[in-house]
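The values are calculated or read from the model by the stated rules, or taken from the named source; none is laboratory data. Since this is a predicted model, take the numbers as computed values, not measurements. Positions of Cβ are backbone-derived with ideal geometry, glycine not excepted, and every protein chain shown enters the neighbour counts. Each accessible area value is taken on the protein alone, full model and side chains, heavy atoms only, with ligands, DNA and RNA left out. Shrake-Rupley method; radii C 1.70, N 1.55, O 1.52, S 1.80 Å.
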Amino acid sequence: MNDIDLTEATAEGGDYDYLGTGWKPIGDTSNAFSGKFNGNGFSIMGLRIDTGDYAVGLFAKVSGEVVKLSLKNVNIDGGWYQSYSGGGIAAINNGLIDNCSVTGTVKQGYSVGGITGVNNGTISNCYNNATITKNNFYEGFAGGIAGKN
């Protein structure tokens, strides 16, 4: 039970640098994370994602619970064209995100938020101090906590 620093691991050539794009989100849009992730108040630092994937964040899609977790100094850039949803904790939330926070930068093409890009579930007691940028200037959603709720 400790903080985790992924700065070097998700940098180019690091142990968790998936095909040169940094972190590969847990799960995907058809296989959501359905368990319970309890960060116990610890932090994950330096998470990097630099890809044009459909769903970017620590988790691609959550249908379970993510609680008591801080993401610090994230650098998430889901591109602008093919990208759909991006957030620090999850690209898409259909479950519960509680007592979580994000700092750093989160960029995505269509729907982007500090905690989640698209929220269809519950977010409580969370805050965002990350800079949010919607890369696609034509359409989409952006918000501090959720891009689309």
Residues that are β-branched (Val, Ile, Thr) and in a loop (DSSP other than H, G, I, E, B), drawn from region 107-149: 115, 145
Over region 119-139, the set of residues in contact with a strand residue (DSSP E or B) (Cβ under 6 Å, 6 or more places away or on another chain), open to solvent by less than 60 Å² (accessible area, probe 1.4 Å) and either more than 18 Å from residue 51 (Cα to Cα) or polar (S, T, N, Q) (or both) is 119, 121, 123, 124, 126, 128, 130, 133, 135
Do you know which residues across region 8-34 are surrounded by fewer than 14 Cβ atoms within 10 Å (Cβ to Cβ) and in a loop (DSSP other than H, G, I, E, B)? 8, 12, 13, 15, 30, 34
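The rows are residues; the columns are (1) free of Cβ contacts under 8 Å to residues at least 40 places away in the same chain; (2) over 19 Å from residue 141 (Cβ atoms).
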residue	(1), (2)
12	yes, yes
87	no, no
95	no, yes
113	yes, no
Do we have any residue at all in region 81-90 that's closer than 25 Å to residue 11 by Cα, surrounded by fewer than 24 Cβ atoms within 10 Å (Cβ to Cβ) and either at pLDDT 95 or above or not aromatic (Phe, Trp, Tyr) (or both)? yes
Complete set of residues in region 35-76 that are among the aromatic types (Phe, Trp, Tyr), more than 12 Å from the chain's Cα centre (by Cα) and assigned to a strand (DSSP E or B): 37
